[in-house]
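This report refers to the structure that appears directly beneath it.
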Amino acid sequence: MKLDLPAKQRNQEADQNGIELWNRPKLPLLAVHPLPVSSDDGEVEAMVPPLNFAMVDDGIFRSGFPDAANFRFLRSLNLRSIVYLCPEPYPEENARFLEQNGIELHQFGIEGRKEPFVYIPEERIREALKVILDVRNQPVLIHCKRGKHRTGCVVGCLRKLQKWCLSSVFDEYLHFAAAKARSTDQRFMELFDASSLMHLTASQY
C-alpha cells in the first residue's frame with residue numbers, strides 16, 4: 001500500500017491494476033448483494049457482508065459490527081486482524097470465530113455518544129492507525145457498531161495520511177454517516193495532525 005503518493009496518482013495506479021478504491025463519491029464500495037457460494041452438500045449459500053462494508057484500501061476494510069451471518073464472508077477476506085473501536089467486550093461467538101480463524105483482535109474502546117471524540121484522547125486514534133498501517137496486521141477490518149462515526153473518523157484520519165483533500169475525506173465520511181453525520185467528527189478529522197505518523201509510511205511502505 002503506497003500511502004505516500006498523491007491521491008490522484010494512487011487512483012490512476014489503482015485503476016490500472018484493477019483495484020477498486022474509494023476515490024470518488026459516485027462509486028461507493030458497498031457490497032450490497034450477497035455473494036452465492038456452494039456448500040459441501042451442493043446447496044447454494046450466501047456470503048453476506050457486514051453492515052456498511054467497504055474496501056478502504058488494499059488489505060484494509062471497514063464495516064459495522066459483524067454477526068454470525070457475516071462469518072463466511074469475513075473468512076473469504078483472509079483477515080489477519082480486526083480493529084474494534086467499541087469499549088464493550090467482544091461477544092463470545094465473535095471471539096470464538098476469531099480464534100478458529102487465527103484473527104487477532106485489537107480493541108481501542110471509544111464511547112459511542114453524540115459527541116464521540118470530545119473527551120477521547122487523540123492518542124487512541126493514533127494507536128489504532130499504527131495497527132492498521134502495519135502490514136503484518138493486514139488484511140485488517142476496522143469496525144465499530146454501525147461503521148459510521150468511530151470507524152468513519154479513523155478512516156478519515158487515515159485519508160489525511162494518504163494526503164486526501166478535506167472535501168474528499170468529508171465526502172467519504174458523509175456517504176456512510178448520511179443523516180447521522182456529526183460536525184464534531186468532521187472537526188476532529190480536520191484538526192487531526194497526521195505528521196507524527198508519516199514516518200510509518202516512509203519506513204513500512
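The values are calculated or read from the model by the stated rules, or taken from the named source; none is laboratory data. Because the structure is a prediction, the values reported are computed rather than measured. Cβ sites come from the backbone with ideal geometry, for glycine too, and all protein chains shown count toward neighbours. Remember, those area values only see protein heavy atoms, side chains included, never the ligands or the DNA or RNA. Shrake-Rupley method; radii C 1.70, N 1.55, O 1.52, S 1.80 Å.
In segment 1-91, counting only strands (runs of 3 or more DSSP E) that sit wholly within it, the ones holding 1 or more residues that are surrounded by fewer than 14 Cβ atoms within 10 Å (Cβ to Cβ), out of contact with any helix residue (DSSP H, G or I) (no Cβ under 9 Å at 6 or more places or on another chain) and at pLDDT 50 or above span 35-38, 44-47. Just a yes or no: is a residue in segment 81-95 among the polar types (S, T, N, Q) and touching a Ser or Thr at 6+ places or on another chain (Cβ under 9 Å)? No, segment 81-95 contains no residue that is among the polar types (S, T, N, Q) and touching a Ser or Thr at 6+ places or on another chain (Cβ under 9 Å).
Residue 164 satisfies every condition listed in (1) in a helix (DSSP H, G or I); (2) in contact (Cβ under 8 Å) with a residue 24 or more places away in the chain; (3) farther than 18 Å from residue 107 by Cα; (4) open to solvent by 20 Å² or more (accessible area, probe 1.4 Å) except (1).
Residues in segment 136-146: is at least one surrounded by fewer than 18 Cβ atoms within 10 Å (Cβ to Cβ) and either within 21 Å of residue 196 (Cα to Cα) or modelled with pLDDT under 90 (or both)? Yes, some residue in segment 136-146 is surrounded by fewer than 18 Cβ atoms within 10 Å (Cβ to Cβ) and either within 21 Å of residue 196 (Cα to Cα) or modelled with pLDDT under 90 (or both).
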